[in-house]
Amino acid sequence: MHTRALVLFSGGQDSTTCLAHALQRYGHVETLGFDYGQRHRVELDARLVVLAQLRDQFAPWRDRLGDDHLLDVGVLGQVSETSLTRDMAFEMEASGLPNTFVPGRNLLFLTLAAALAYRRGLQVLVTGVCETDFSGYPDCRDDTMKAMQIALSLGMDRRLLIETPLMWIDKAETWALAHTLGQQSGVAGGGQALVDLIVEHTHTCYLGDRTHRQAWGYGCGHCPACELRARGWAGFQPPSSH
């Protein structure tokens, strides 16, 4: 039976929702972040604030939330020429992929997460990849995740489960899932509290903008990540209002 999980946690909307999912589901949950020289490095600060707020506001999850880990994977910035690791405009490339695609990022992240999980005795890797609201990134696809699960389990000689709670839902449904998870936490008003926490403290904007406060949170409002988050917010209705 799976009881211990490691969440790939950036401090953004998606990974925070995945963290709530894991905290509701597993008895022990650890978190893992990556510093790869990303332009939006402010997310590395935001993730610590989110963890503190979860511990403070959601007492039923507090004892389940274990150690946080941060790995330096600056090598990604050395091998990739992308708008997430360079000061360059967001645009589509000849391949049909946006230049926000960092080749091999999720593959490397999952490999390192699996190695850490092996050492820490964690059985499940939880990641916020998604095929519904994404930019065509091949390393976010369900087939990629299934292949990685097989490869990592074989390579570690230990059964690892890769869990993708957001794989088949869009951003509006991700907001709704967060609301539902907050309700299920046992905290009074937990649904709205978790949504408010995500709005106020998580970071998604690719430009690292924490000066402009939108209805859905902080961000520039025009980068691909902000546009996606804004569209999801516009379509979001708390489950209780249906």
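Kirkwood hydrodynamic radius (Cα pairs, Å) of the range 147-240?
In the range 147-240 this quantity evaluates to 15.0 Å.
Can you tell me which of 184-192, 3-11, 168-176, 112-120 comes out highest on packing, and rank the rest after it, using the mean Cβ neighbours within 10 Å?
So the peptides 184-192, 3-11, 168-176, 112-120, ranked by packing, come out 3-11, 168-176, 112-120, 184-192.
Please list, ordered by chain and number, the residues whose modelled amide H lies under 5 Å from the amide H of Ile162; skip anything fewer than 5 residues away on the same chain.
Residues meeting the criterion, in which the H sits 1.01 Å from N, are Leu125.
For Ala234 and Ala115, what does the FRET efficiency come to when R0 = 35 Å and r is the distance between their Cβ atoms, rounded to the nearest 0.05? Present the calculation step by step, with values, prior to reporting the outcome.
On the way: r = 40 Å, r/R0 = 1.14.
Calculated transfer efficiency: 0.30.
Mind giving me the nanometre distance, one decimal, between the label points for Thr211 and Ala52, set 7 Å out from Cα along Cα→Cβ?
Calculated label separation equals 2.3 nm.
Evaluate Rg over Rh across the chain, taking Cα atoms for both radii and Kirkwood's formula for Rh.
Answer for the chain: 0.94.
A short reminder: the numbers here are calculations on the coordinates, not readings from a lab. Computed from a prediction, not measured in an experiment: that's the story for all the values here. Counting neighbours? That spans all protein chains shown, and the Cβs are built from the backbone with ideal geometry, glycine included.
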